Amino acid sequence: MKNPVMTASGTFGYGVEFSDFVDLEEIGGIIVKGTTLHPREGNDYPRMVETASGMLNCVGLQNKGVDYFCEHIYPEIKDIRTNMIVNVSGSSPEDYAECAAKVNELEGIPAIELNISCPNVKQGGMAFGVTTEGAAMVVKSVRKVYDKTLIVKLSPNVTSIADIALAVQDAGADAVSLINTLMGMVIDIEKRKPVLSIATGGMSGPAVKPVAVRCVWQVAKAVNIPIVGLGGIMNAHDAIEFFLAGASAIEIGTANFIDPTVTVKVAKGINEWLDAHGCHSVNEIVGQLNA
Amino acid sequence: MRVKAVEYPHEWYVLLKLTDEEPLPECVPGQFVEVKVEGSPRTFLRRPISINYVDREKNELWLLIKKVGEGTHKLAELKVGETLNLVFPLGNGFSLVQKQGERVLLVGGGVGVAPLLDYGKYLKEKGAEPVFLLGARSKNDLLEQELFKEIAPVYVTTEDGSEGEKGFVTQHTILSREKFDRISVCGPKPMMVSVARYAKATNTPCEVSLENMMACGLGACLCCVEKTVKGNVCVCKEGPVFDINELTWDV
């Protein structure tokens, strides 16, 4: 990787949406919008509500399906010279595997991020990511058909994220990314109704960062595969917290909405911090908390 | 961009005139900006604001903003000389001129009149014949009337009858007296729906400008979707202006 900064799925489209603002090849990796075996229309509007220091969304994995992706979107992005990673979601282990197998055929897509943690779909999604058995089952079925780098994205909406991470590692994951959004809810008090169309949504933004850092720290103590940290990262300072907690790369999500150039700024800021602290690479600070 | 002038045309509104050392990029009338609100910790996301007017000679971009929540109230506190961080121009604007002399009815309500000023000016410059039909609650709520009148004829309805004809825009007698080649609308959704009904009934092409809640403004987050005949599409990227035949409104 050129640098440890990637974009979080669902916040950066397919990358090309941001090409007017930033040189995509200066980003360490781009994790594109969640892709499913079959097309999905997603949930009804309203899908988003702002909160103090963050937002909730319930987009619901709107996408045109993996076949459309392979035929129409992949040709547009395959020559972007950075790690183009596809986020794969599904409603059954078979769906996940079939979708992953199709992405496996695509040259220049070095990895997938398996989303077993989306809080906004009724079937599948987070349902698999909240039990060790469910998580392991999906990862195993994908591992059989997918031979490139398999990153599994974990949900914070669990009692012990470390247990889930361990189960995923044992099932064959090459890395884990965490956290997906925290399930939340906002109520319109005049209408006495939830603001979002499906009542609940996934919370993101700086408000969730301490939860994410805690999760990374706990998972780092439990597993020996690399960790990609995300959740509310707005600047290089935030990113360094994740490295110290045990992440060896990070993803930037909601911050892209506030500043479409934030990724390259964070990458630069990380280097400046490393230089100022006499470090040559991020690896020197991963998990290096003083006891 | 730098704040060059701040005006308060009404107790609920602020008009910001912005400028920059760099020449403004090409903007199509009906496009919008995403404004970062500084100094308001609870305003996390940028605020999408339609472009009210572009003055090329003075290199000015105008934003007419209604003070609705904390973010827009904060924007109303900006002072001359302060700077504002904008991402623009975003989205697809109103239709370009299709034929010389075409008569285009521009219907606006509330703060929805904002993009029509720039669009009306454009239509006039390109040889079309814009006509404004503007609705408000009361005489005092009508915005930028003098500026609209400089461009084209202005017809007005007010709910209390204090100016123009009493009632809603769709009740104005101009609609039964005159014919238009097409209609563009921006305002509250019930108003746009009733204008769309009128357009359907009279077989007049009609486009509307939507303002669904947005996060990114770039078509990446898929939050601001509108149901269309092609499925859910982003208002920020595919819109904000849509032909009414693309929408699934009950008209």
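Which FRET efficiency value, to the nearest 0.05, is calculated for residue A:170 and residue A:20 with the Förster distance at 25 angstrom and r the Cβ-Cβ distance? Kindly include the intermediate steps, with their values, before the conclusion.
Details: r = 44 Å, r/R0 = 1.74.
The computed FRET efficiency comes out at 0.05.
In percent, what relative contact order does chain B have, based on Cα pairs under 8 Å that are 6 or more apart in sequence? Provide the component values of the computation, followed by the final result.
Working: 556 pairs, mean separation 42.2, N = 251.
Worked out over chain B, it gives 17 percent.
Going 7 Å from the Cα of residue B:20 in the Cα-to-Cβ direction, what parts of segment A:15-44 have a backbone nitrogen less than 16 Å from that spot?
Flagged as within label range: A:20-22.
Considering every residue in A:12-18, what mean count of other chain Cβ atoms within 10 Å of its Cβ is obtained?
Numbers: counts 4, 8, 2, 1, 2, 7, 3.
Rounded to a whole number, the mean comes out at 4.
Please report the orientation-averaged projected area of segment B:8-80, defined via the convex hull of its C-alpha atoms, in nm².
Values: hull surface 21.2 nm².
Answer in nm², one decimal: 5.3.
Working from Cα positions, state the angle (0 to 90°, nearest 10) between the long axis of helix B:114-125 and the longest principal axis of chain B.
70 degrees
For helix B:189-201, report the angle its Cα long axis makes with the longest principal axis of the Cα atoms of chain B; keep it between 0 and 90° and round to the nearest 10°.
Approximately 30 degrees, to the nearest ten.
Pop the C-beta distance of residue A:290 and residue A:224 into the FRET formula with R0 = 22 Å and round what comes out to the nearest 0.05.
Numbers: r = 21 Å, r/R0 = 0.97.
The calculated FRET efficiency here is 0.55.
Quickly rank A:143-152, A:95-104 as a protection proxy: mean count of other C-beta atoms within 10 Å, highest first. Each step should come with its number before you reach the end.
On the way: A:143-152: 18.9, A:95-104: 21.5.
Averaged packing, sorted descending, gives the order A:95-104, A:143-152.
Hey, rough spin-label estimate for residue B:139 and residue B:227, points 7 angstrom out along Cα→Cβ, what's it come to in nanometres?
Calculated label separation equals 4.3 nm.
Could you tell me the center-to-center distance, by alpha carbons, between segment A:48-64 and segment A:99-155 in angstrom?
Centre-to-centre distance over Cα atoms comes out at 21 Å.
What FRET efficiency, computed as 1/(1 + (r/R0)^6) with R0 = 25 Å and r the Cβ-Cβ distance, is obtained for residue A:264 and residue A:211, rounded to the nearest 0.05? Kindly include the intermediate steps, with their values, before the conclusion.
On the way: r = 26 Å, r/R0 = 1.05.
The calculated FRET efficiency here is 0.45.
Ranked highest first by average number of other Cβ atoms within 10 Å, how do A:14-26, B:45-57, B:233-245 line up?
Values: A:14-26: 16.8, B:45-57: 20.0, B:233-245: 22.0.
In decreasing order of mean packing, A:14-26, B:45-57, B:233-245 become B:233-245, B:45-57, A:14-26.
Just counting partner chain Cβ atoms within 10 Å, what average do the residues of peptide B:209-216 show around their Cβ?
Details: counts 0, 0, 0, 4, 8, 2, 13, 11.
Rounded to a whole number, the mean comes out at 5.
Highest first, please rank the peptides A:57-70, A:246-259, A:213-226 by the mean number of other Cβ atoms sitting within 10 Å of their residues. Please report the intermediate quantities before stating the final value.
Details: A:57-70: 21.6, A:246-259: 25.1, A:213-226: 19.4.
Ranked from most to least packed, the peptides come out as A:246-259, A:57-70, A:213-226.
Quick one: give the max-minus-min coordinate of the C-alpha atoms of segment A:208-261 along each principal axis, largest first, in Å.
Largest to smallest, the principal-axis extents are 34, 17, 15 Å.
For segment B:5-47, list residues with backbone N below 16 Å from a point placed 7 Å from the Cα of residue A:186 toward its Cβ?
Correct set: B:37, B:40-47.
Which value in deg cm²/dmol, rounded to the nearest 500, describes the helix-derived mean residue ellipticity at 222 nm for the protein assembly as shown, given -39,500 (n - 2.57) per DSSP H run of n ≥ 4 and division by the residue count?
Numbers: 14 runs with 127 residues, N = 542.
Helix contribution divided over all residues of the protein assembly as shown: -6500 deg cm²/dmol.
Taking 0.36 nm per residue of sequence separation and subtracting the Cα-Cα distance, how much length would be gained by fully extending the chain between residue B:77 and residue B:36, in nm to one decimal?
Numbers: separation 41, 0.36 × 41 = 14.76 nm, distance 1.38 nm.
Stretched fully, the residue B:77-residue B:36 segment lengthens by 13.4 nm.
log10 I(q)/I(0), Debye, Cα-only chain A, no solvent, q = 0.07, 0.14, 0.16 Å⁻¹?
Summing over Cα pairs of chain A leads to -0.23, -0.98, -1.31.
For residue A:33, go through the lysines and keep the ones whose alpha-carbon is under 21 Å away, minus same-chain ones fewer than eight residues off.
A:64, A:78, A:102, A:122, A:148, A:153, B:227, B:230, B:237
Only the coordinates and a few stated rules stand behind these numbers; no lab work does. As the structure is a prediction and not an experimental result, all values here were calculated from the model. Positions of Cβ are generated from backbone atoms using ideal geometry, with glycine treated the same way; all protein chains shown enter the neighbour counts.
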